[in-house]
Amino acid sequence: MIPILVAHGTRKAEGVAMVGDLAERVGHTLGRHVRTAFVDVLGPSPAEVLGSVTGTAVVVPAFLAHGYHVRVDIPSFVTASGHPDVIVTDALGPSPQMVRVLTDRLVECGWRVGDSVVMAAAGTSDLGAQRDLRIAAAMLSAAIGDRVELAFAATGEPKVADAVAGLRARGARRVVVASYLLAEGLFQERLRASGADAVTAPLGLHPGVVRLVASRFRRARLPIAA
C-alpha cells in the first residue's frame with residue numbers, strides 16, 4: 001500500500017509545513033513513508049505522484065468536507081495519472097473524530113460551558129460541502145450541549161466577525177471561535193481578528209487528526225464484509 005495525503009495547497013509556508021508534518025506523523029504511525037500532493041497552488045499534483053509509483057495507492061483527501069476538490073478534482077487527477085490501482089478514501093469531515101478534535105481545541109483555548117461558540121470554516125460555494133459543514137456544526141452542538149453558529153472566513157455568509165458581533169448583540173457574554181481549519185494562514189488570522197474572546201488553534205497536528213488519517217489509510221485496505 002502506497003499512502004498519499006492530498007491537500008489543497010497554499011502559498012503560506014506554515015500551511016505547506018503542516019501538511020508535511022502531518023504526513024510524517026501519520027507515516028510514523030503506519031510505519032511507512034506517506035507521500036504528499038496538492039490539488040492547487042503548488043505541486044506535486046496527485047497525478048504526478050501517482051505516475052511515479054507502482055502498486056496499490058491509497059489517497060486520503062485532507063479536506064474537512066466533500067466539496068469540489070474531493071468530488072471532482074481528485075478523481076480527475078487519478079484518471080489523468082493512468083494508475084491502474086488507486087483507492088480514494090472519504091474526506092476527514094464531517095466525522096465524530098473531527099468533532100472530538102474540535103472539542104479538545106475548545107477546552108485548550110479556555111472555553112467554558114455557557115460560552116457562545118462560532119464554528120468557523122473557510123467557506124465554499126459547493127452545496128455538498130455546505131451540507132457537510134452544517135452537519136459538523138450540528139455534531140459540535142450536540143457534543144458541547146449548546147447551539148453552535150456556523151460562519152465563514154472567506155466564501156459564504158455570515159462572516160466570522162459578523163457572527164461574533166451578532167452573538168454579542170443578542171447578549172452573549174463570551175464568544176469563542178472554534179477553528180474548523182487544518183492549518184495556520186490567512187483564514188486563521190481572520191478568525192483571530194474577529195473580535196472573539198478566544199480562538200482555537202487549527203486542527204491539523206492534533207493527535208486525533210493523525211489517528212484519523214492513519215485509520216483512513218488502514219481501513220482502505222480492509223475487505224468489505226458480506
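Nothing in this text is a laboratory measurement; each read-out follows from the coordinates by a stated rule. Everything numeric in this text was worked out from a predicted model, so none of it was measured. Positions of Cβ are generated from backbone atoms using ideal geometry, with glycine treated the same way; all protein chains shown enter the neighbour counts.
A compact table of results
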item: Qualifying residue in region 7-18 (condition: among the polar types (S, T, N, Q) and part of a helix (DSSP H, G or I)); result: no
item: Within region 171-211, considering residues that are assigned to a helix (DSSP H, G or I) and in contact with a strand residue (DSSP E or B) (Cβ under 9 Å, 6 or more places away or on another chain), the one nearest to Arg25 (Cα to Cα); result: Gln188
item: Members of region 31-50 that are surrounded by 15 or more Cβ atoms within 10 Å (Cβ to Cβ) and assigned to a helix (DSSP H, G or I); result: Pro46, Ala47, Val49, Leu50
item: Total residues in region 83-113, condition exposed (fewer than 15 other Cβ atoms within 10 Å of the Cβ) and free of Cβ contacts under 8 Å to residues at least 60 places away in the same chain; result: 5
item: Residue tally, condition over 18 Å from Lys12 (Cα atoms) and of a type in the set (A, V, I, L, M, F, W, C), over region 165-192; result: 8
item: Subset of region 52-75 that is surrounded by 15 or more Cβ atoms within 10 Å (Cβ to Cβ) and among the small types (Gly, Ala, Ser) - its residue that is farthest from Lys12 (Cα to Cα); result: Ala57
